[in-house]
1. Would you please calculate the Kirkwood hydrodynamic radius of region B:427-486 over all C-alpha pairs and express it in Å, rounded to one decimal?
2. Given the options B:263, B:459, B:125, identify the residue whose Cα lies farthest towards the positive end of the charge dipole of the protein assembly as shown (+1 on Cβ of Lys, Arg; -1 on Cβ of Asp, Glu).
3. Can you give the mean number of other chain Cβ atoms that lie within 10 Å of the Cβ atoms in peptide A:305-318?
4. Farthest toward the dipole's positive end in the protein assembly as shown, which of A:344, A:369, B:186, given Cβ charges of +1 (Lys, Arg) and -1 (Asp, Glu) about the Cα centre?
5. Sort A:420-427, A:82-89 by the packing proxy (mean of other Cβ within 10 Å over each peptide's residues), most packed first.
6. Mind checking the alpha-carbon convex hull of region A:239-298 and giving the volume per residue in Å³?
7. Run the count for region B:301-419, please: Lys pairs, Cα-Cα under 21 angstrom, 8 or more apart or on different chains.
8. Sort out for me the Cα centre separation of region B:449-487 from region B:386-441, rounded to whole Å.
Amino acid sequence: MKTFETIQTELRAGTTTCERLTGEYLGTIEAGSGLNAFLSVFSEKAVAQARLVDRKLADGTAGKLAGMVVSIKDVICVKDERVTCGSKILEQFISPYNATVVDRLVAEDAIIVGKNNMDEFAMGSSTENSAYGRVKLVQDETRVPGGSSGGSAVAVRAGMATVSLGSDTGGSIRQPASFTGVVGLKPTYGRVSRFGLVAFASSFDSIGSLALTTRDCAQVLNVIAGHDERDSTSAKIPVPDFTSALDKNVIGLRVGIPKEYFGEGLDPDVRTAVEKSIDTLKKNGATVEEVSLPHTEYTIATYYILATAEASSNLARYDGARYGYRAKKARDLAGMYTASRSEGFGSEVKRRIMLGTYVLSAGYYDAYYRKGQKVRRLIQQDFLKAFDSVDCLITPTAPTTAFKAGEKVDDPLTMYLSDIYTTSANLAGIPGISVPFGKDHQGLPIGVQILGRQFDEATILKVADFLESAS
Amino acid sequence: MALWNERYEPVIGLEVHAQLLTESKAFCSCSTHFGADPNSNVCPVCLGMPGVLPVLNHQVVEFLIRVGLATHCSIAPRSIFARKNYFYPDLPKGYQISQYEEPICTNGFVTIETDDGKRKDIGLTRIHMEEDAGKSIHDQDADTLVDVNRCGVPLAEIVTEPDIRSPREAYLYLTKIRQLVRYLEICDGNMEEGSLRCDANVSVRRVGETVLGTKTEIKNLNSFRFVEKALEFEINRQIDLLESGGKVVQETLLWDAGQGVAVPMRSKEEAHDYRYFPDPDLVPVLVNADWIQQAAKALPEGPTGRRDRFVDEYMIPKYDADILTSEKSLADYFEAVVTSLRSKTVENFKLVSNWTMGDVLRVVNTDKVDVAKFPVKPEDLGEMINLIADGTISGKIAKDVFEEMLTSGQSPKAIVKRKGLVQVSDAGAIEQMIDDVLMKNKGQVESYLGGKVQVFGFLVGETMKATKGKANPKIVNELLKKKLESMKP
């Protein structure tokens, strides 16, 4: 398993080529196909791209990501390739265009190797909700890798890609990063263009990266961040060089510990690891103080009201009329809609569409959606207030380490609690990162989450990088 | 019908959808051109493909500011888009992007002139932006066909207060709105092609009652006449129902123009809960004072202002000014003709008015041509009127010249020269012809001198005929009269 830094060194030294590297990755994907991390693999295209990048390296015209082999969660569009979103309803759908992030990666000579398995339409915390079968945790195949970007996390952990792009709506990058023991970065909402990311909940969705190191995440963010004319919600804010923040220096850093994130339901091993990470920062010159995010208890409820409301509308387009799965036997229009959607969507997606439709319905809108919007603002204010006195917050990424497959599938509420520490960042639009820090008594990875101010990815990357080297 | 005025009062509100004449669609760069091959003006965005995002075309906002200012609305410094959710095959995203809780224009009014000449303000609740859906075509053999070219074409939805009190007023309001959007050059106002669409809400109540009755909504009104007819039908239906002890049920009706009846939509079709909520893909629309000021400056003169100016400036009758300003293109034409007049006199302005309202409009209406593309250029018509004014041609000859200009497109001078149509004003020459005519018509001269003065007209006609119509009729009149007087015993 190689980090991008290692690859760059080897390429410079001439001890490997992009073509050879790509071949190795493709071999690992093939050998690890039992993990079910990939839904499509672009063997020929990837090799052709690798040869092109090798020529550019020889010419000295190669881009910043030359030699990086990237896999993409199957919710992000790659031109002329399928984008299934882990759903039967889009099984045959081929995207006619590239997502902005894909354009930007390719422009810097990254090599796109394939698309990763995921929870259907990014709805799930275990990557068990895929129409194409569950993804298995590398370390223990009876366990889940987290979700919804479970395929991406496993791809990176198993050496099938240097980096993977995922999407994070309520923790879908950070939680699987934590379960699999990789770094997962969810940037600020609006930092990265969503154009070409198939929407789950538009005001929550962020594209981010999963990698072996914080530095690799920073390198990718350098390339994919920045305003995009095709996404009105992408911010017109300058993009710094995020790698320059990785100075292993936390002296004077003010770290906040939100007390609400250490309550009931937190696994003792996870608690111990997070406390240890805090101690490490303290010992190295950071100041630590307890802070309060008083509306934390409403996080999951608010998230599931607002995100499902948006999802119910975003997923309306999959109706069998123009593209995607259409049920055969329907006799009239309403029957065609009902049958296509009943057969095309999995049960978790249907549950959320129904929930979202309900909260937007006449007579319920004020009680649920409008109230949810108000609480969301309160949660945002909690963070703003906390960041008055601290530079970042340290929390567990998830309450537990990787759980057994099938353990929570019949209990959606327990499953939803798996995202209890991550959804708040999406509600507040702030950046968050999960970095591996220690293991539990079974040897399963634990992730520490660092949350930062809006558009201050630099600080959380700095802390993650520090903890990464200290763990 | 009579029942209306005596005992019942109709209460009507209209919702007009005006398709905006922007170059590209509201949220993508596809063309809005009408009449393109089905499904050719499309892209992943307006097709609602997975992963795409809308980006607002700012020309849409500009147009809304224009119509908002022209209708005395408040322009919101911040307005937001909402999603209107419903399933239909010609609606690719499963929702329309519209505005709901915070529209861009609110609280305006449009002034109509009722048939008795009184002015009445029809209040506007709001005007908001919306994207159009596609078109379902049901009448082709077995299947329903969908054309999504229209998907994403911007609309302004203009919603009135329940201020309209008769189908006639509804008609007048629609005429006014059509005239307004055409003046503002934001919509072509073509109801038959669907670029102006109207839904009507109507209820009736006892005269003197202040509480509103139960309303029904009528859809599918694709001409002004249909609106008037459908409202008449529905008002009578509601009154009959109430008179016979029944109750009006709140429902949506479809106007069937063929049968002349409004039929209830199936309840399944109307049971829409649109589940409006703010569209998270779009940022709020911010309009600052500068923008509004610029738009106000660029606002073209409205029809009423222009009519009043025509009466003041050209001293033409209000009747003329009304007709001339009914369409911006016609008013533009009139003023272009006036510009090319050599002598700017009230008489000549009236001449221009007569020719524009008479001959120009006649051709426009019978041949269905666009005034802006009228075959006789305004400067040519102006030149022709100059020729009348300076006596080169007579008004009668001018009719022939105009016809010739229509078909050949030549300048009036060239036509007059080619056909030798210059008016004869030489008294000597005319006198000679008069002498000839009097010689040939001795009998008529006798009877004139005997007191049958009506014969005078005949003799004028004969003289004109002898000059092939080229003699200056005024001079002919004078000379003939003088001659005959001198022959009196």
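1. After inverting the pairwise mean of 1/r, the radius is 11.2 Å.
2. With unit charges placed on the Cβ atoms, the residue in question is B:459.
3. 4
4. Projecting each Cα onto the dipole axis, the largest value belongs to B:186.
5. Order by mean packing, descending: A:420-427, A:82-89.
6. Hull volume over Cα atoms, normalised by residue count, gives 129 Å³.
7. 26
8. 17 Å
The values are calculated or read from the model by the stated rules, or taken from the named source; none is laboratory data. On a predicted model such as this, the values are computed, not experimentally measured, just so you know. Positions of Cβ are generated from backbone atoms using ideal geometry, with glycine treated the same way; all protein chains shown enter the neighbour counts. Keep in mind that these areas ignore ligands, DNA and RNA; they rest on the heavy atoms of the full protein, side chains included. Shrake-Rupley method; radii C 1.70, N 1.55, O 1.52, S 1.80 Å.
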